[in-house]
Amino acid sequence: MTKPTNVGGVAGERLILLIERIERLSEEKAGIAADITDVYAEAKSAGFDTKAMRQIVKLRKIDRQKRQEEEMILETYKSALGIS
């Protein structure tokens, strides 16, 4: 393998370190995603509705005020469509 050099203002060694760091984090991310999948499988086997759980996790990530605004808009649209 050729030793990295500076080409066109790009520091090759620094670039390699950054790429390798991204690769390691991607591997960790995949491992964590597998762990999350296992937790949902455990929840499902215990009788929990994982679709509802995923929605709750998503909602908990949203700022309370922003979530309330989104819910208000959704309720307005549902009312306008007669599906309340």
Out of all the residues in segment 68-75, is one or more among the β-branched types (Val, Ile, Thr), loosely packed, with under 11 Cβ neighbours inside 10 Å and over 21 Å from the mean Cα position of the chain (by Cα)? yes
Given 81, 15, 25, which one is more than 22 Å from the chain's Cα centre (by Cα) and surrounded by 10 or more Cβ atoms within 10 Å (Cβ to Cβ)? 15
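Read the figures in this text as sums done on the coordinates, not as results from a lab. Keep in mind that this is a model prediction, so the values were computed, not measured. Methodologically, a virtual Cβ is constructed for each residue, glycine included, from the backbone with ideal geometry; neighbour enumeration extends over all protein chains shown.
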